[in-house]
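Data first, discussion second: the structure below is written as structure tokens.
The values are calculated or read from the model by the stated rules, or taken from the named source; none is laboratory data. This is a predicted model, so every value here is computed, not measured. Cβ: placed from backbone, ideal geometry, glycine included. Neighbour counts: every protein chain shown. With ligands, DNA and RNA removed, areas are computed over all heavy atoms of the protein, side chains included. Shrake-Rupley method; radii C 1.70, N 1.55, O 1.52, S 1.80 Å.
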There are 2 protein chains.
Amino acid sequence: MKAYLSHLLPPWMKHYPRIWLSGDISAGIIVTLLLVPQALAYAMVAGLPPQTGLYASLAPLLIYALLGRSHAQSVGPMAVTSLLVAATLVRLAPQGGADYAVLAVWLALLSGLMLLLLGLLRLGLVADFLSQPVLSGFVSASALMIVLSQLGPLLGSQGGGSTLPALLSGLWAQRQAFSLAALLLGGGALLWLLWSRHALAAVLQKLGLGASAALLLVRAAPVLALLAGMLVAAGDDMAGRLHLVGEVPAGLPPLGLAWLPWSRLPDLVLPAFFIALVNMVQSLSVAQMLAQPRGERIEPNRELIALGACNIGAALSGGFPVTGGLTRSVVNADAGAQTQLSSVISAVLMLAIVLFATRALYYLPLTVLSATIVASVLALIDFSLLRRAWACNRVDALAFMATFASVLLIGVDSGIIVGLLISLGGWLAKSGQPHIAQIGRLPGSEHFRNVRNFSVETLPGVSFLRVDESLYFGNARNVEAVLLAMPPANSRHVVLVMSGVNRIDMSALLMLESLDAALAARGMALSLCEIKQPVFAVMDKAGLAQRFAGRIFISAAQAWQAWTPQRDYQI
Amino acid sequence: MKAYLSHLLPPWMKHYPRIWLSGDISAGIIVTLLLVPQALAYAMVAGLPPQTGLYASLAPLLIYALLGRSHAQSVGPMAVTSLLVAATLVRLAPQGGADYAVLAVWLALLSGLMLLLLGLLRLGLVADFLSQPVLSGFVSASALMIVLSQLGPLLGSQGGGSTLPALLSGLWAQRQAFSLAALLLGGGALLWLLWSRHALAAVLQKLGLGASAALLLVRAAPVLALLAGMLVAAGDDMAGRLHLVGEVPAGLPPLGLAWLPWSRLPDLVLPAFFIALVNMVQSLSVAQMLAQPRGERIEPNRELIALGACNIGAALSGGFPVTGGLTRSVVNADAGAQTQLSSVISAVLMLAIVLFATRALYYLPLTVLSATIVASVLALIDFSLLRRAWACNRVDALAFMATFASVLLIGVDSGIIVGLLISLGGWLAKSGQPHIAQIGRLPGSEHFRNVRNFSVETLPGVSFLRVDESLYFGNARNVEAVLLAMPPANSRHVVLVMSGVNRIDMSALLMLESLDAALAARGMALSLCEIKQPVFAVMDKAGLAQRFAGRIFISAAQAWQAWTPQRDYQI
């Protein structure tokens, strides 16, 4: 019984060396300092009341600590996820209404269930079909959208709009509400945050501070900005001229699940899937990045189960979709987190804030919150991958640009679909028209190379053709046509060199039969060589090994020798 | 000017040896004898009045003769296409109404425009994404549906219904209308047709007829059945008890295009695309099959343009979607067709029938027409591919069965989608989890093989790992995880053998960088070997050639030698 209970405990609880404790405690405190403004800010991005951000930072932290295997991943609200929530809900309910919050909860529940299911079915590889360029284009465009959506609050008006044109026209319509006070305070905070990140540590060290103390102060920079903003706002003459966070209800989050009419469910399924997809990709990359230096092993399907449970937990405690946050997780690791205990400590501190300290948040000016959001997502707008892709793979570059443009112009979820279709379509289209080369022998060797690029020798009447692709229904017809067109009319033998064929399917097997018949009708014999073992096994089961008996060679060199006049050797 | 005009003529018109004339004429006549009942029958399958079948057999024949390049392909109504038309229109308009016929015309127009566009954009490879098992499952299920839909007319009632349950319940509901006269006549015709195909030639030859005369009589068997049926029906006491073709309006088909409300267009787009897809696959396979023995060259995109024009022509002359018919085309070739002149002759004869001989069709009993349909599509129900696929590739077998079941249970077009998704998904899923082998050297050779299957030698501290798949976003994450897990902890060098990597994309390049860093963090150096030229070009542009400088080997053997203690050679 005791052994069974111990089996249920996460590994870090079973063997916890006391030496790790100080690291976990200090990391837990630092992450909390970062988490409070992020939670409020990302709730704002999602169009939800500030307390939902705090609620979404309680249960997920605890649940991940129990189920997750990454020592430093900090699960909670995240910028791009919050943007996806807002982009989905803006179509379905008026912002600020009760409906809106209920739908957000259900998005978390549905995407959590999907993640759980994908993990249990070991289908984590679904995430792999978002290519890096699509992901990078998606994140860059989302970050740009988030920056633009924060321009309103930064200027003292309201933001909103789920596409670039809607955002810009929204800003234009609100231009009368712009306030100099908000601009000065928010702009000042933004400059401070950007400057402190780049230069503060150096300045502090010049002033004589130790490196680690300097780093600690740099991490505290957002907190300083928020405190300064609160002090300014609390001053009599400013309070009326700034939008503030205002009353945040104190107390535990509501447990339970608001009732959703069945008819609204279909609208949520696809957005929930996209949110699950983005969250799983985000969380897995954070976990893998953190795992690398420690040699930690991350099992993707297990992580999906943990992340799914976190989202279900967030839903049942009044939150919204959550995932592993990159900044917070890195700060957590840097600040010395050794185990998930750090997250447990953050959760406890957050709970204390929710219970006792919400009144302290009253004077927090929205413009300063927006400044912290802008400062933290600016680095996500990154075109370096586009530059590299442009240089080496145009389809990838196209997928990046199309995703980026679609997110801005059509919407965040359409962007994912467009990118996915382009990258899959591009990859499949290339597999549909594979590279087929006529090859010849490098004189005096057993090596064969493309006759176009190397000075090789050929055998009269024998064509060696190499297909550099697996053979399947997507290219069978095309390969057959090319292979029929390539051998010169005087060929007697055509040798198909299959070193590049990793897999083969039924359609391609039928193609080989039909190719064999068509070449035979022209008086040419088709031989095969360098067939990989798994491919040969399939051909054997389909009866092709029998059909081609005596015409299958181990290597091109062996085939070459078979048709070389013997006197070469007899001289 | 004359040269320009001559350039416009199809090749067969420019040089027509008179010796071909008799073959083309006799083939043209025989095809017409086959085409008349097929045209009437397939109009019936499509739920359209009989004359539309005749109309659909005029313009397409002429247009294909001008634009098409297959000497013997006979374009016109086809069984499966007609079933697709019926399955689409049954959802959109009541059968027999004017709307129904207008929608059929527009299906032909839209699918014709799509084919034309695909051909002009050289996108013929779209057809390749229907795999052979999907196609075979689709055709078998469609043929079964056609047979079942003809049971009604064969029994003297009406058929109809676009899924198996609908067809069966339709038959049950009509059971009161079954007539013994229809069953006897139709059943007799069916038996005659099936028997004559298998045994008539042998019997006639035993009776002393020459082989070619016997074959001619076998081909005439359907015509004999129809004539006999007409004679029986014309007899006084039967006419009332049989459904007849009845009045077929004489005269040229109506030229023009009925007006379609914009709002109905969206309903037609997807079905038109499926019809275009099925028609192009059908027509291309017929053309390629006929081309093979003559060494004729078929250019798929050119054929799509011709087929598109045929469908547009059918639409503008009151027809419905058409494609190359397998039976008719084979009969055309066998009967001696040398050029497209044979089709021109068929068209002229069909025109004569439409103008002057429609009254002769009045007494044709529907039950006999149904018998000819059943006799001609029975051979299409074919599970041989399923058997082969089951033995060698389960995904293909699954795709066949799912397509077959979906066509019967959900509908013809859903079947295509289901099959397409399964075959593509199955292929991609396999590429997502590629075969990765640890390899070693066959003693004393330069050949490397899987350590599991061969007794090979390995180098202590060096892991040779071979990936048998192109690397791309769909498998990058997975490959990285496997490659990180495979080398034993005491490895100092990991050699990635890339002989199976035909292509690489940006996501996989990033994966190689991250893999390199992760292995380095464990004290292992990553080397690469057997990189194909196109893959190396991409890696070079992305800066990976530089990153891996000094760690790239031509072959596994070269890498092996680099880490072999030199004293082996110095002794």
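Of the residues in segment A:352-401, those shielded by at least 20 Å² of accessible area once partner protein chains are present, compared with the chain alone at a 1.4 Å probe, are A:LEU385, A:ARG388, A:ALA391, A:CYS392, A:ASN393, A:ASP396. The B and A chains share an interface that buries close to 5400 Å² of accessible area, total over both sides, probe 1.4 Å. Our coupling estimate for segment A:113-129, obtained by passing each phi through the Karplus curve with A = 6.51, B = -1.76, C = 1.60 and θ = phi - 60°, is 4, 4, 4, 4, 5, 4, x, 5, 7, 6, 9, x, 5, 3, 4, 5, 7 Hz, Gly and Pro reported as x. Proximity of backbone amide H atoms, modeled 1.01 Å from N, is registered between A:PHE454 and no other residue at under 5 Å, excluding neighbours fewer than 5 places apart on the same chain.
Just in segment A:395-502: which trypsin sites (Lys or Arg not before Pro) are loop by DSSP and have at most 15 other Cβ atoms within 10 Å?
Details: sites: A:LYS430, A:ARG441, A:ARG449, A:ARG452, A:ARG466, A:ARG477, A:ARG492; in loops: A:ARG452, A:ARG492.
Taking segment A:395-502 and a limit of 15 other Cβ atoms within 10 Å, the loop trypsin sites (Lys or Arg not before Pro) found are A:ARG452, A:ARG492.
Just need the relative contact order of chain A here, percent rounded to a whole number, with Cα pairs under 8 Å and 6+ apart.
Across chain A, relative contact order equals 22 percent.
Available extension along the chain between B:THR564 and B:PHE454 is 37.5 nm, counting 0.36 nm per residue and deducting the alpha carbon span.
For segment A:4-54, what does the alpha-carbon gyration tensor say about shape, rounded, prolate or oblate, given a ≥ b ≥ c as the root eigenvalues, a/c under 1.5 as rounded, and a/b over b/c as prolate? Oblate. Label zone of B:GLN433 (point 7 Å out along Cα→Cβ, amide N under 15 Å): in segment A:94-127 this covers A:118-127.
For segment A:244-299, rounded, prolate or oblate, judged on the Cα gyration tensor with a ≥ b ≥ c (square roots of eigenvalues), a/c < 1.5 rounded, else prolate if a/b > b/c?
oblate
At a probe radius of 1.4 angstrom, the accessible area of chain A per residue rounds to 42 square angstrom. Taking only protein heavy atoms and a 1.4 Å probe, the accessible area of segment B:49-112 is 70% carbon and sulfur. In this structure the amide hydrogen of A:ALA525, modeled in the peptide plane, comes within under 5 Å of the amide hydrogens of A:HIS493, A:VAL494, none closer than 5 places in sequence on its chain. Ordering B:TRP560, A:ALA233, B:LEU277 by Cα displacement along the dipole of the protein assembly as shown toward the positive end leaves B:TRP560 in first place; charges were set at the Cβ atoms of Lys, Arg (+1) and Asp, Glu (-1). Split the accessible area of segment B:437-562 by element, probe 1.4 Å, and carbon with sulfur accounts for 51%.
If you put +1 on each Lys and Arg Cβ and -1 on each Asp and Glu Cβ, how big is the dipole of the protein assembly as shown around its Cα centre, in Debye rounded to 20?
In total the dipole reaches around 1400 debye.
Regarding chain B, what is the average projected area of its C-alpha convex hull, in nm²? Present the calculation step by step, with values, prior to reporting the outcome.
Numbers: hull surface 148.3 nm².
Taking the Cα atoms of chain B, their convex hull projects to 37.1 nm² on average.
When a 1.4 Å probe is rolled over the protein heavy atoms, the share of accessible surface on segment B:113-271 that falls to carbon and sulfur comes to 71 percent.
Computed from backbone phi, the HN-Hα couplings of segment A:344-356 come to 4, 5, 4, 4, 5, 5, 4, 4, 4, 4, 4, 6, 10 Hz, rounded to whole numbers (Karplus: 6.51 cos²θ - 1.76 cosθ + 1.60, θ = phi - 60°; Gly and Pro given as x).
The overall shape of segment A:135-186 is oblate: from the C-alpha gyration tensor, with semi-axes ordered a ≥ b ≥ c, the ratio a/c is 1.5 or greater and a/b is no larger than b/c.
Across the identical copies, the 7 Å label point of B:GLY251, projected outward along Cα→Cβ, sits 8.4 nm from its counterparts, in ascending order.
When you count, for each residue, the other Cβ atoms within 10 Å and take the mean per peptide, how do A:125-134, A:404-413 rank with the highest first? Please report the intermediate quantities before stating the final value.
Working: A:125-134: 23.5, A:404-413: 21.0.
Descending mean neighbour count gives A:125-134, A:404-413.
I need the calculated FRET efficiency for the pair A:SER26 and A:LEU121, taking r as the beta carbon distance and R₀ as 56 Å, to the nearest 0.05. Mind showing how you got there, number by number?
Numbers: r = 39 Å, r/R0 = 0.70.
Once the sixth-power term is evaluated, E becomes 0.90.
Between segment A:361-436 and segment A:449-524, how many Å separate their Cα centres? After rounding, the separation between the Cα centres reads 39 Å.
A simple spin-label model places pseudo-atoms 7 Å from Cα toward Cβ; at B:PHE536 and A:ILE19 they are separated by 4.9 nm. Charging the Cβ of each Asp and Glu at -1 and of each Lys and Arg at +1, and nothing else, the dipole of segment A:411-509 about its Cα centre rounds to 260 debye. Positive contributions from Lys and Arg (+1) and negative ones from Asp and Glu (-1), summed over other residues with Cβ under 13 Å from the Cβ of A:ASP516, come out at +1. Computed from the C-beta positions of A:ALA202 and A:ALA234, the FRET efficiency with R₀ = 35 Å rounds to 0.60. When B:THR458 is represented by a point 7 angstrom out along its Cα-to-C-beta vector, the spacings to that point in the other copies are 4.3 nm, nearest first.
Under a Cβ-only charge scheme (Lys and Arg +1, Asp and Glu -1), can you give me the dipole magnitude of chain A about the Cα centre, in debye to the nearest 20? Let's see the in-between values first.
Values: 34 positive and 25 negative charges, 146 e Å.
My answer is approximately 700 debye.
Which of the trypsin sites (Lys or Arg not before Pro) found in segment A:264-344 are in a DSSP loop and have at most 13 neighbouring Cβ atoms, other than their own, within 10 Å? Each step should come with its number before you reach the end.
Numbers: sites: A:ARG264, A:ARG294, A:ARG297, A:ARG302, A:ARG328; in loops: A:ARG297.
Passing sites in segment A:264-344 are A:ARG297.
Shielding of peptide B:132-138 by partners, expressed as the average count of other chain Cβ atoms within 10 Å per residue Cβ, is 3.
Distances, shortest first, from the label point of A:ARG387 to those at the same position in the other copies read 6.3 nm; the point lies 7 Å along Cα to C-beta.
Each label point was placed 7 Å from the Cα along the Cα-to-Cβ direction; for A:GLN546 and B:VAL223 their separation is 4.2 nm.
Across peptide B:291-298, the average count of Cβ atoms from other chains found within 10 Å of a residue's Cβ is 3. With the simple model of a label 7 Å out from the Cα in the direction of the Cβ, B:ASN490 to A:PHE383 spans 5.3 nm.
Calculated FRET efficiency, B:LEU421 and A:GLN95, Cβ-Cβ r, R0 56 Å, to nearest 0.05? Present the calculation step by step, with values, prior to reporting the outcome.
Working: r = 37 Å, r/R0 = 0.66.
E(calc), rounded to 0.05, equals 0.90.
Determine the residues within segment A:411-441 where the difference in accessible area between the chain on its own and the full set of protein chains amounts to at least 50 Å²; count protein heavy atoms only and use a 1.4 Å probe. With the partner chains in place, segment A:411-441 has these residues losing at least 50 Å²: A:TRP427, A:LEU428. The H on the amide N of B:GLN338, modeled in the peptide plane, is under 5 Å from the matching H of B:ASP24, each at least 5 residues off or on a different chain. Our coupling estimate for segment A:494-511, obtained by passing each phi through the Karplus curve with A = 6.51, B = -1.76, C = 1.60 and θ = phi - 60°, is 10, 10, 8, 8, 9, 5, x, 8, 7, 9, 8, 10, 4, 4, 6, 5, 4, 4 Hz, Gly and Pro reported as x.
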